[in-house]
Amino acid sequence: MRTSRDATTSQTTEHEDIAHESTEPPDPESPEPERRRPAPLEGRRIRAAVIGTGAIASGSHLPALAALAAEGEVEVVAAVDIDAEAVKRFCADGGVPHGYTDLDRMLAEQRPDLVTICTPPTLHRDQTVAALRAGAWVWCEKPPVPTLADFDAVEAAEGTGGGPYASIVFQHRFGSGAQHVRRLLAEEAMGRPLVAHCQTTWYRNAAYYAVPWRGKWETEGGGPAMGHGIHQMDLLLDLLGPWSEVRAMAGRLVHDVQTEDVSTALVRFGSGALATVVNSVLSPDEVSRIRVDCERATVELTHLYGHSNDNWRITPVPDAPAEDVAAWRDFGADVPSSHLAQLRDLVASMRAGERPRSSGADGRTSLELITALYKSAFTDTTVRAGEIRPGDPYYTALHGGAPGWAPATHEEASA
């Protein structure tokens with residue numbers, strides 16, 4: 001999958017008029033394009049477009065959009081990918097009427113209400129800002145953008161008083177299990193949360209990192225803390241609330257990459273709860289896990305890439321009343337975590353003109369924790385929430401320019 005908003009070729013399923021791609025970079029002195037006001041959504045389907053036609057688009061985004069299309073909520077009007085053949089196949093397989101290789105042209109011609117972004121992280125900022133300025137809401141795959149500076153630039157491009165807004169795909173927050181446990185913890189039904197563990201221990205071999213853009217700060221944004229563990233860390237934050245400080249370590253133990261291949265962290269929450277966080281791509285026995293020990297019960301989620309009610313387990317203290325335990329374990333109808341569950345919530349927010357979950361400050365919190373994790377690991381210090389601001393080297397690069405972690409400059413490589 002290779003998608004860029006700077007490519008000027010465009011291809012539709014009705015036409016074969018492929019123009020030459022422009023190699024001219026955007027002019028930094030050119031005036032900012034006029035912001036388009038979002039179109040009213042009452043009494044009609046939401047017009048959606050998919051940016052990037054790779055596996056996550058065809059396997060997760062398009063099926064979720066199709067499910068809501070069957071309910072009369074949305075219609076998929078276009079797809080964009082710099083690879084003309086790839087977008088042509090995607091449109092033919094998914095019944096999408098218009099295919100493009102140029103994002104700006106698609107935005108101008110199709111005027112979508114919603115754009116879903118399924119491209120590599122380094123493209124997310126420019127593509128999201130372009131869609132927002134065209135009046136479209138955005139649903140962007142994780143990691144949202146490579147740095148806090150990029151995230152703040154996206155937030156600055158959002159509309160006010162009803163959108164459009166940009167949200168991040170954090171589907172593990174959604175579904176009946178996470179909703180039920182979030183409520184239990186917020187109400188302290190099982191007592192105060194005290195100790196937590198967040199684990200994303202996966203396995204990736206050398207062939208995985210043979211793909212040229214993987215394992216590099218510039219193109220992947222970060223290592224397993226950023227690209228793999230972000231889902232569980234985001235869910236942990238969604239369950240336990242704001243974090244206050246982090247102390248971390250990172251290492252390259254197996255893979256010849258710029259980023260880390262394993263990290264560990266200790267996190268203190270505003271509530272006083274303490275947590276351990278482990279992110280690895282070195283673990284043959286793969287698992288994603290969150291465990292929270294409260295005063296009266298332990299709640300644990302064990303899964304890999306998604307969860308349902310059956311993946312949650314609640315273990316009470318021996319003297320817990322049976323009626324309390326029954327209420328804790330009553331998760332209700334099973335709604336698995338999924339792109340569909342989050343998209344349904346996003347569409348409801350669009351129709352209400354409200355900021356969706358996992359956007360703005362709510363979406364920024366996991367990226368801030370990951371940035372602090374890297375800074376702590378590379379500087380051997382404790383990093384506190386809110387500490388990384390403009391002027392801090394970690395605000396604009398997750399490696400922070402740290403010796404041994406930052407990419408070598410041309411002069412260093414030559415020496």
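The values are calculated or read from the model by the stated rules, or taken from the named source; none is laboratory data. Quick caveat: nothing in here was measured; it's all calculated off a predicted structure. Here the Cβ is made from the backbone with ideal geometry for all residues, glycine too, and neighbour counts use every protein chain on show. Heads up: the accessible areas ignore ligands, DNA and RNA and are worked out on the full protein's heavy atoms, side chains in. Shrake-Rupley method; radii C 1.70, N 1.55, O 1.52, S 1.80 Å.
For the options 112, 212, 164, a Gaussian network treatment of the chain with springs between C-alpha atoms closer than 10 Å singles out 212 as fluctuating the most. Protein-only accessible surface at a 1.4 angstrom probe places the residues 384, 296 in the order 384, 296, largest first. Compared with the dominant principal axis of the Cα atoms in the chain, helix 176-186 is inclined by about 50°. Seen from all directions on average, segment 115-192 presents a Cα convex hull projection of 6.7 nm². Sorted largest first by accessible area at a 1.4 angstrom probe radius, with every protein chain in place, the residues 266, 123, 103 fall in the order 266, 123, 103. For the chain, the carbon plus sulfur part of the accessible surface works out to 52%, probe radius 1.4 Å. Could you work out the local net charge near residue 163, counting Lys and Arg as +1, Asp and Glu as -1, over the other residues with Cβ closer than 13 Å to its Cβ? Once positives and negatives cancel, what remains is +2. For the chain, the solvent-accessible area with a 1.4 angstrom probe is 43 square angstrom per residue.
Tell me, how many Å apart are the Cα centres for segment 186-239 and for segment 241-280? So the separation of the two Cα centres works out to 9 Å. Taking every C-alpha pair closer than 8 Å and separated by at least 6 residues, the mean separation divided by the residue count of the chain gives a relative contact order of 16 percent. Counting only alpha carbon atoms, the long axis of helix 360-379 and the longest principal axis of the chain meet at about 70°. What does the net charge come to around residue 295 if you take all other residues with beta carbon closer than 10 Å to its beta carbon, with K and R at +1 and D and E at -1? My count for the surroundings of residue 295 gives 0.
Across q = 0.17, 0.19 Å⁻¹, segment 317-415 modelled as identical point scatterers on its alpha-carbon atoms has Debye log10 I(q)/I(0) values of -0.90, -0.95, in the order of the q list.
Pairs of Cα atoms nearer than 8 Å and 6+ residues apart set the relative contact order; for segment 245-393 it is 24 percent. GNM remark for the chain: springs join alpha carbons under 10 Å apart, and the peak mean-square fluctuation among 223, 161, 386 falls on 161. Taken over the chain, the convex hull of the Cα atoms encloses 161 Å³ per residue. To the nearest 10, the accessible area of residue 203 is 110 Å² with a 1.4 Å probe.
Computed extension length for residue 286-residue 182: 34.9 nm, one decimal, from 0.36 nm per residue of separation with the Cα-Cα distance subtracted.
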